[in-house]
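Below is one structure, written out as structure tokens, with a few remarks after it.
The values are calculated or read from the model by the stated rules, or taken from the named source; none is laboratory data. Predicted, not measured: the structure shown is a model, and the values here were computed from it. For neighbour counting, all protein chains shown are included, and Cβ atoms are generated from backbone atoms with ideal geometry for every residue, glycine included.
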Amino acid sequence: MLGLKSKAIAERADSADVIAQSVFHRYSLVADAKCFRLSRTAKNQKDFKVSTLSNWRGSEHEFAVLVSPYFQYPKEQSQIYKLALDTNVCLLSWEHISILLENNISETQNLSLESIWDSSKMFARESKVASAKECFIPKVNKIVAKKLGVSIDDFVQKLQQCKVDIVQRGGDEVRYCNDKINDIKKLTRDEAISELIKETKLKEKISVIKSFISSLEVGTNE
């Protein structure tokens with residue numbers, strides 16, 4: 001993807017999602033992907049794990065990249081921006097990646113994407129202490145637009161189209177939820193109780209607990 005040689009990490013417990021290496025420019029990066037439901041409530045810096053991603057980079061890799069939904073990054077001030085500046089973690093979005101791919105952007109001997117991955121370091125040099133928590137995603141847009149060879153206005157238009165698509169998907173989800181609500185309202189009392197028991201998976205939990213207790217009773221004298 002994007003001309004990088006990448007692989008997904010199998011041991012996901014305490015590591016990044018992906019390691020990627022530049023074929024032409026001899027650098028490597030770790031990347032972590034975030035995806036939040038549209039119904040998700042307000043997110044905080046712990047949801048993004050910027051500091052953790054920086055630790056995963058270690059001394060083996062040059063860059064660390066966080067990829068999250070563009071329109072779910074905090075719009076104004078947030079601790080994640082200060083952390084990204086302090087640790088040089090690139091904050092990118094699925095929409096950025098999608099637009100780059102749609103325009104066939106790929107590293108070559110003459111084209112490097114390092115300025116994107118290293119963008120937080122550049123922003124940190126320009127940032128003042130008082131503004132360290134301010135959203136800098138619009139600055140990332142300018143760097144990505146430059147790689148695309150388009151004006152920032154044209155790039156913003158591409159982002160607006162992404163927003164239209166998200167709004168449409170959101171509308172589909174709302175209609176689905178409303179249909180489910182209407183279906184639930186039609187249930188009889190017994191049907192509603194049955195559905196609630198099924199939804200809470202209480203019977204499955206009881207089965208697991210009984211199985212565990214049974215295994216202990218079999219080995220009582222051990």
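Things to note:
- Selection status of K128, at pLDDT below 95, in contact with a Cys (Cβ under 9 Å, 6 or more places away or on another chain) and loosely packed, with under 13 Cβ neighbours inside 10 Å: no
- If the condition is being closer than 17 Å to A31 by Cβ and over 20 Å from the mean Cα position of the chain (by Cα), then the range 115-142 contributes S115, K121.
- Which listed residue, of K82, K139, is in the same structural domain as V67 (by TED's automatic domain parsing), out of contact with any Cys (no Cβ under 6 Å at 6 or more places or on another chain), touching a residue at least 12 places away in the same chain (Cβ under 8 Å) and surrounded by fewer than 18 Cβ atoms within 10 Å (Cβ to Cβ): K139
- Of all positions in the range 178-187, none carries a residue that is β-branched (V, I, T), part of a helix (DSSP H, G or I) and under 30 Å from E95 (Cα atoms).
- Options L53, L83, L111: the member that is at pLDDT below 95, closer than 29 Å to S131 by Cα and over 13 Å from the mean Cα position of the chain (by Cα): L83
- Candidate set: the range 118-156, residues that are among the polar types (S, T, N, Q) and in a helix (DSSP H, G or I); chosen: the one nearest to I97 (Cα to Cα): N141
- Enumeration of residues in the range 59-98 that are in a strand (DSSP E or B) and hydrophobic (A, V, I, L, M, F, W, C): F63, A64, V65, L66, V67, V89, C90, L91, L92
- For K163: the one exception among (1) under 30 Å from S68 (Cα atoms); (2) at pLDDT 90 or above: (2)
- If the condition is being not in a helix (DSSP H, G or I) and not polar (S, T, N, Q), then the range 99-110 contributes I105, E107.
- Qualifying residue in the range 89-109 (condition: acidic (D, E) and surrounded by 19 or more Cβ atoms within 10 Å (Cβ to Cβ)): yes
- If you check T188, T220 for being surrounded by fewer than 11 Cβ atoms within 10 Å (Cβ to Cβ), farther than 30 Å from L111 by Cα and at pLDDT 90 or above, only one passes: T188.
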